[in-house]
Structure formats: structure tokens, C-alpha cells
């Protein structure tokens, strides 16, 4: 299960996989002797890159969101688009041309002016076949061209109407042409570790395996954050982090459900910390690689839906902090199909489905078999996820009772992601942080089986048609009908066993002021730093 802290800034255009995302922990001042204007942040794993064009996980997104910017931003309360690098925009009557008028007072952190050339270049490099970012290309495949009108005006031309067009092109992260357009491979460019951006923070340094440091961007055109420095520390152990918080060494962190329930309820703790619980679009799941023999049969995948006691797991591992889900859309969103009832724990029904698929214990050795093949598979988990470890242990025992042998393979995060990318797995557990642009295409369309996020290999002709129609349907009611039908198909096909939508569980020191929970999560760029009294200044 994800430990997630949703911090609002520029993270709405794509989906990222999350495993043990421990974000944004801050250090105190006063007795600890640390600068009160410095925010210490925990990362659960080492980022692979700080180039948003090829970034693929939440660790990288958390950092890049403070360095780089997009043409439009999403209002954290209304979720509507508003100016960012662009001061305004207009849309052609046929909804295929989106013109952005760029702000003229923007400079890159090295002092070079930002222009339309950077926008055109960013799109070009994103769509370059040599750029290793299939997961990102899918967002822009409907764009026919990006044209420079003049130095501060740019047009995005779509091949056809797309209901998320403004959000997608407006949400494209812009990188500097003068830095990256030097003939070097974008996938290995030196500035992937030394970014130059236009955002409120600039890159300072990166010590591999230890920390990444950002400082406030003195060239930033708008009001500068009160937090002058962010130190991202690579610390995979959240129990250590919570003890640091209790000692006054950390101010902000995401906690596990067990910590939330058992370690954050004392009177002393509540005097020192806010406890923030809020939902953002997410869900956890178990993914079945449908290319793998047993999992190619939907009856087998359905069977696992009855063999997994999700209610017990929710109580035992998450202390009831979460809600069961039945599909790929946000539980509180318009596309979620509330008519689909979660499959209840029913091992007998699961065994019946397995028998119907040809899996029986013909030799009475306790393991199901079919045509001489034993039902044995490997469950791949991230070695940094204690939830995944405990979940795997429970599943292994329960599946064994049903005659299924489950082996567990553990990999550090970077290797784990590579396994997914290469489709080198049989079953995995993960969480999706969905963002607020719910287009299921990159998760489920068959065109995304080879390199995109459809790593289960799910393919269904009706589902493909629905997603293609939904992308060009501007009528929200008709699009809702389509996407709810997609939910029904996924419910029957079960490429995932859908698990839970879980809340962000965050503790924040009362040394900081203006700490608000918005519709899109937290926004530390608006936080105030403690005054002389050591309390947050809510000015």
C-alpha cells in the first residue's frame, strides 16, 4: 500500500506508480539549531532522473514539480485551469487549435529568457522516438503539431477533438532548449541530474544515496515561498523518520496506518503536530500478467477476486483506513460505477472458477494442476514496501489453502520498475496516483501493451472502442456512460484485482502556518515559517 503525501504543484498531467512514497518531511529550528527556513523531505527511494520528459515515478515528480513549470496550472481548490507560464489562451471553434500567449517576464534559473522556442522544443523531444518515455508520449499522440507564432505565442494543433486537450497541452512540462538541444542523448544528458527550470525553486546539489537539495529561485517572477530551501533525504525507513519527528528533527511526513493509529494520538503529539487525513484520486491493486499461462484465463483472474479477503486485509494491515474499490476510476469521481459490488471473500466460489478453468488437484498433492502443469506463480514486490511484504505473506498462505503455490520475489525499486517495463513479472502489487485528468487510455488501451502503462497485456476490442470514443466526447454525460461501461468490462475481465482507495495520512508540525488541505492536497509553497514564538504564523 502506498504511503503518500499529495503535495500540489504541476502533477496533474500524468499518472505515476507509487510504492512507499514518503514525501515532504521538514526539520525544526530552535533547539536543533537548524535553519527554520529549510524544509527536510524524505524520499523512499533514489530518483532515477530530474528530467520531467523521461521521469516516470512519484519521487521524481515531487521534486520536478518545484523546479519546472507548465503553460497552465490547476487551481488547487476548483481544479480548473489557470495561467502559469502562459498568461492567457484561446481555443478555435472546432476545438482543435489551442493558442497560448506566453508571459514575457519569465527567465530560466540561469537567466536565459523563456520563449516559444522552449515550448516547441519540449514537444519535439517528448515525441522523439529515441526518447525513452512511452508512458508520456501517450498523452500527446493526438497532437498534430506545435507551432511557433512569434517569440511569445505558440499553437497546439490537435488531429481531432479530445476532451482533455486543454489540460494535456496546458499541462505539458517545459524544459529549456538552450540546455538540452546540444546533440546529446536526452536519456543520458548531464542536466538530467542538474536541472535548469523556471519554477519557484532551483536545483542546488545531489549527493547520490543521501540527498537532493533545492533552493528558492531568486529569479522567480512571482511571490517567492517563505521556505527557502528544500532538502530531500533518501531514507527508506519510515519508523526511523517518525522517531526523528518526535525528537523535533522532522516537521512533516506521511505515516503508515499503524503509526497513525498507535503512535500519533498522545496529548503531547497533538500539541506539536497537525494530523491531516484526506483523499485524493488513488487506488491499490494486484496486477495479473495476462501473458502468463494461468492468468490468460479470466476465470482464473476472477477466482482470485474471491480468494483474497480484502476486508480482513483492510482491517489487519490498514486498520480500516481506506475504502474498497471495484474499478479504475476515482471512487469519488463521476466515472466510478457504483453499481458494481465488490466481490466478497468466498474461497469455495473461487475454487469452482478454477475448476471450470481446468485446475484440479488430480494427484492429491495439495497443488492444483492442469494437463501436468502445477499452478505455481511468482509474486513480485518492491523490497522497500512493508505493506507489500505483509500482503504477500497473507496471500501466500491463503492461496496455499486453495491449492496454489505462490513464490515471492523482492527487488529494490529501480529494478522493480525495470521488471514492469520489460513485462518480466507474473503478478505484482502497486498503487496508482491518478491525478484529476481521468483518461483510462494509457492504462488499458491495447496500444499501450508493449511500452505504456498497460503492463498486464489487457486487450479488449470493446474497451478499446470505448476509450477511443470517450477521448473525443465533449459531452460529460455521454462520456460518463462510456466510461462506466468500461468499468463493467474491467470488472468482468479482472486484469487487476482492485483493492483500496486509501487516504493520505500526514503529520505536520505546528511550527508552520497556513497549512491547508486543498481539494488537490497540500501546497507547501504557501506555508508560512514559524515566528519567534515557534508557532506557525498564519498571516
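The values are calculated or read from the model by the stated rules, or taken from the named source; none is laboratory data. Remember, it's a predicted structure, so these values are computed and weren't measured experimentally. Using ideal geometry, Cβ is built from the backbone for each residue, glycine included, and neighbour counts are taken over all protein chains shown.
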- Task: Determine which single condition residue 494 fails, assuming it passes every other condition in (1) at positive phi; (2) under 21 Å from the mean Cα position of the chain (by Cα).
- Result: (2)
- Single match in 180, 220 (criterion: at pLDDT 95 or above and either over 26 Å from residue 523 (Cβ atoms) or touching a helix residue (DSSP H, G or I) at 6+ places or on another chain (Cβ under 8 Å) (or both)): 180
- Note on the structure: Considering only strands (runs of 3 or more DSSP E) wholly within region 143-242, the ones with at least 1 residues that are closer than 26 Å to residue 255 by Cα and free of Cβ contacts under 8 Å to residues at least 24 places away in the same chain are 201-207, 211-216
- Task: Identify, by number, the condition in (1) assigned to a strand (DSSP E or B); (2) in contact (Cβ under 8 Å) with a residue 24 or more places away in the chain that residue 87 doesn't meet.
- Result: (2)
- Selected residue (only one of 212, 230, 235 is under 30 Å from residue 316 (Cα atoms) and outside the structural domain of residue 414 (by the TED database)): 235
- Can you find a residue in region 249-258 that is under 25 Å from residue 63 (Cβ atoms), out of contact with any helix residue (DSSP H, G or I) (no Cβ under 6 Å at 6 or more places or on another chain) and not in a loop (DSSP other than H, G, I, E, B)? yes
- Item | Options 124, 130, 137, 104: the member that is within 27 Å of residue 449 (Cα to Cα) and assigned to a loop (DSSP other than H, G, I, E, B) | 130
- Which members of region 309-334 meet the condition of being within 14 Å of residue 282 (Cα to Cα), touching a helix residue (DSSP H, G or I) at 6+ places or on another chain (Cβ under 7 Å) and part of a loop (DSSP other than H, G, I, E, B)? 321, 322, 326, 327, 328, 329
- Message: Restricting to region 355-388, count the residues that are assigned to a helix (DSSP H, G or I) and within 25 Å of residue 328 (Cβ to Cβ).
- Response: 2
- So which residues in region 58-90 are within 20 Å of the chain's Cα centre (by Cα), more than 21 Å from residue 202 (Cβ to Cβ) and modelled with pLDDT of 95 or more, if there are any at all? 72
- Task: Within region 453-482, track down each residue that is surrounded by fewer than 20 Cβ atoms within 10 Å (Cβ to Cβ) and in a loop (DSSP other than H, G, I, E, B).
- Result: 457, 459, 460, 472, 473, 474, 475
